[in-house]
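These notes concern the structure reproduced below.
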Amino acid sequence: MSDGGALAGLDGALRCPWALSTPDYVTYHDEEWGRPVHGDDALYERLSLEAFQSGLSWITILRRREGFRAAFAGFEIAKVATFTDADADRLLTDTGIIRNRAKIDATLANARVLADWAPGELDELIWSHAPARGPAPKTLGDVPAVTPESTALSKALKKRGLRFVGPTTAYALMQACGLVDDHLEACVARNTP
């Protein structure tokens, strides 16, 4: 039984235990999770996907990611901001995504809010909440679900009119987009550019 520390994958490399259950996770873990993400559209995509993930497993979202990209115009803020009620109804029938009305509505509403922001403003706001680099977690038990920084980011996003951005979602975004590096100390992906 694992103590929550890094485990060897099929290739013998040590990884965060959550990454070993499927090849999709291994690829996401090794090539994307924890790597810095910049750009308003790219961050809007991650923010939207994290909101859709709320209450579900990440693999459910990851396996439908291309469906989400197709349904939401590649997460281009300017395009999604023009979606209508008819588009929202269409999305509710799209089997390539999670068909949750509240999450779809939040994704569309967030695009409308962000369309009025200056270019780079979302990037700047999110990255302004990156904490100082702390010690590497040794086990999954050392990885928090919420931090003071994620709580502050959540409040800042909500204050600016964004929805489905609670502190836990904000922290998951921080992990996914490289604001924090929560790869375990012994993980092969730790400190990999």
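Tabulated data for the structure shown
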item	result
Test for Gly178: is it at positive phi and either surrounded by 21 or more Cβ atoms within 10 Å (Cβ to Cβ) or small (Gly, Ala, Ser) (or both)	yes
Among (1) in contact (Cβ under 8 Å) with a residue 40 or more places away in the chain; (2) of a type in the set (A, V, I, L, M); (3) not in a loop (DSSP other than H, G, I, E, B), the one test that Ile97 misses	(3)
Filtered residues of the stretch 15-29 (kept if in contact (Cβ under 8 Å) with a residue 24 or more places away in the chain and of a type in the set (Ser, Thr, Tyr))	Ser21, Thr22, Tyr25, Tyr28
Test set (1) touching a Lys or Arg at 6+ places or on another chain (Cβ under 7 Å); (2) surrounded by 22 or more Cβ atoms within 10 Å (Cβ to Cβ); (3) of a type in the set (A, V, I, L, M, F, W, C); (4) under 23 Å from Ala189 (Cα atoms) - Ala51 fails condition number	(4)
Members of the stretch 102-123 found to be β-branched (Val, Ile, Thr) and more than 16 Å from Gly74 (Cα to Cα), listed by number	Val113
Odd one out for Arg133, checked against (1) in contact with a helix residue (DSSP H, G or I) (Cβ under 6 Å, 6 or more places away or on another chain); (2) at pLDDT below 95	(1)
Looking only at the stretch 30-63, and only at residues there that are polar (S, T, N, Q) and in contact (Cβ under 8 Å) with a residue 24 or more places away in the chain, the one that is nearest to Val146 (Cα to Cα)	Ser54
Filter result for the condition that a residue is among the polar types (S, T, N, Q) and more than 18 Å from the chain's Cα centre (by Cα), over Thr82, Thr147	Thr82
Filtered residues of the stretch 153-172 (kept if closer than 18 Å to Gly134 by Cβ, among the hydrophobic types (A, V, I, L, M, F, W, C) and under 12 Å from the mean Cα position of the chain (by Cα))	Ala170, Ala172
Among (1) out of contact with any Pro (no Cβ under 9 Å at 6 or more places or on another chain); (2) assigned to a helix (DSSP H, G or I); (3) farther than 30 Å from Ala6 by Cβ - the single one Gly141 does not satisfy	(3)
Helices (runs of 4 or more DSSP H) fully within the stretch 1-65 counting 2 or more residues that are out of contact with any helix residue (DSSP H, G or I) (no Cβ under 7 Å at 6 or more places or on another chain)	23-31, 58-62
Flag if Ala130 is part of a loop (DSSP other than H, G, I, E, B) and within 14 Å of the chain's Cα centre (by Cα)	no
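The values are calculated or read from the model by the stated rules, or taken from the named source; none is laboratory data. Note that the structure is predicted; figures quoted are calculated from it, not measured. Methodologically, a virtual Cβ is constructed for each residue, glycine included, from the backbone with ideal geometry; neighbour enumeration extends over all protein chains shown.
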